[in-house]
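Just so you know, all these numbers are worked out from the coordinates, no wet-lab data involved. Keep in mind that what you see is a predicted model, and the values were worked out from it rather than measured. Cβ sites come from the backbone with ideal geometry, for glycine too, and all protein chains shown count toward neighbours.
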Amino acid sequence: MQLVTHKKLYLVAGRASIEMGQEIAHELGVDLGHPNIADFANGEIHCKFGESVRGTDVFIVQTHASYEAEGGARSLNDALMEHLVMVDAAKRASAKRITAVIPFYGYARQDRKASGREPITAKLVANLFKSAGASRLVSVDLHSGQIQGFFDGPVDHLTAMPVLIDYLRELGDEDLVVVSPDAGRVKVAERYANMLGADLAIVHKRRLKGEKNQVEAKDVVGEVDGRRCVLIDDMIDTGGTIVAAADLLADKGAAEVWAATTHGVFSDPAIDRIKNSAIKKVVVTNTLPLPPEKRCDKIEVISVAPIIARAIDAVFEDTSVSEIFGGNNLA
């Protein structure tokens, strides 16, 4: 007896990423599956796929962020648990391979012990996905590259750089300066500067000892006087870092200050800080849902769904993911 097998792609999204899942499905030309997620009265999450996934290549999209669902708001932890439940359901339904697609990886900033008696929660999250049955992870602009080594299996680390670069190129500014908001983002900012043919500047900052989310910008290395500056970072959470850097650039004579970031977390008081800052525009991707209360005239959202769709297609077809980015996703 001889059996010729045919691969089938099955794409499904959790409640935190319904819009993202629909965009990716459109890019791939496939239908978005139905996970039929519901909550029990005590808050427990239930999942039952509406179609057979036996022998399929399953891609489960869920960003780890708070979201609105029937019955009220859900937290990042709810989104993470829901993602794990969906992975386990696919494994027990005999999926051939399960890829967890995580536009924003929860707990990514807890990637090391900064002081005694602390957890490394980014590693814990990776362990949870492995135990649930995920064969592979796909994520966008991880807070640190070492997280790729936390998961015992392939990890495709995507970057939003192509869509952000395309947007910034449309500004048509020959006097652009790409600015790193701190020393830790210099390499990333340098890649942006090289691709845009722009100069590079660096903001020197320090965190206030014993204070969470409190940042003091100190000085600028590079020429910014009279020029349009674009701050590059992987995420904006409370906005302390980016706003302090922007105000310092304005004090140093910058003509305009923009910010470009992958993940718009925008925890309180980020929106108020941005509204009252020297920043003219914040360009952010849709890796995280952006509810109305986190929107303002200064924030513009662009989609990374095409990039994620291309990566999913490459994984499904067993071709190279890094070639999509010319290797820039690996550094």
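Overview of values
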| quantity | calculated |
| --- | --- |
| Between 0 and 90°, nearest 10: helix 305-316 axis offset from the chain longest Cα axis | 40 degrees |
| FRET efficiency, A183 to D152 (Cβ-Cβ, R0 35 Å, nearest 0.05) | 0.65 |
| Spatially proximal lysines relative to K275 (Cα-Cα < 30 Å; intrachain offsets below 8 disregarded) | K187, K205, K209, K212, K218, K252, K294, K298 |
| GNM flexibility winner over the chain from D166, D313, D182 (Cα, springs under 10 Å) | D166 |
| Candidates F150, F129, F40, ranked by Gaussian network fluctuation over the chain, Cα under 10 Å, top entry | F40 |
| Spin-label pair K8/K91, simplified geometry with 7 Å Cα→Cβ offset, distance in nm | 2.2 nm |
| The stretch 227-303: equivalent-ellipsoid semi-axes (sqrt of 5 x gyration tensor eigenvalues, Cα, Å) | 20, 12, 10 |
| Rounded tilt (10° steps) of 76-92 against the dominant C-alpha axis of the chain | 30 degrees |
| Trypsin sites (Lys or Arg not before Pro) restricted to the stretch 22-128 and DSSP loop, no more than 12 other C-beta within 10 Å | K48, R54, R112, K113, R117 |
| Two-site FRET efficiency, N194 against N36, from Cβ-Cβ distance with R₀ of 51 Å, rounded to 0.05 | 0.60 |
| Rounded FRET efficiency, nearest 0.05, which uses the C-beta distance separating A69 from R295 and R0 of 22 Å | 0.65 |
| Spacing of the two label points (7 Å from each Cα toward its C-beta) at T121 and N276, in nm | 2.8 nm |
| Principal axis box of the stretch 161-302, alpha-carbon based, largest edge first, Å | 35, 34, 24 |
| Within a Gaussian network of the chain (alpha carbon springs, distance under 10 Å), most fluctuating of V257, V30, V61 | V30 |
| Charge context of V188, other residues only, Cβ under 15 angstrom, K/R +1, D/E -1 | -2 |
| Partners for K8 among aspartates and glutamates (Cα-Cα distance below 14 Å; same-chain residues under 8 apart left out) | D31, E51, D57, D313, E317, D318 |
| Within-11-Å neighbourhood charge of V58 [Cβ basis; K, R +1; D, E -1] | +4 |
| DSSP-loop GluC sites (Glu not before Pro) across the stretch 11-114, with at most 10 other Cβ within 10 angstrom | E44, E70 |
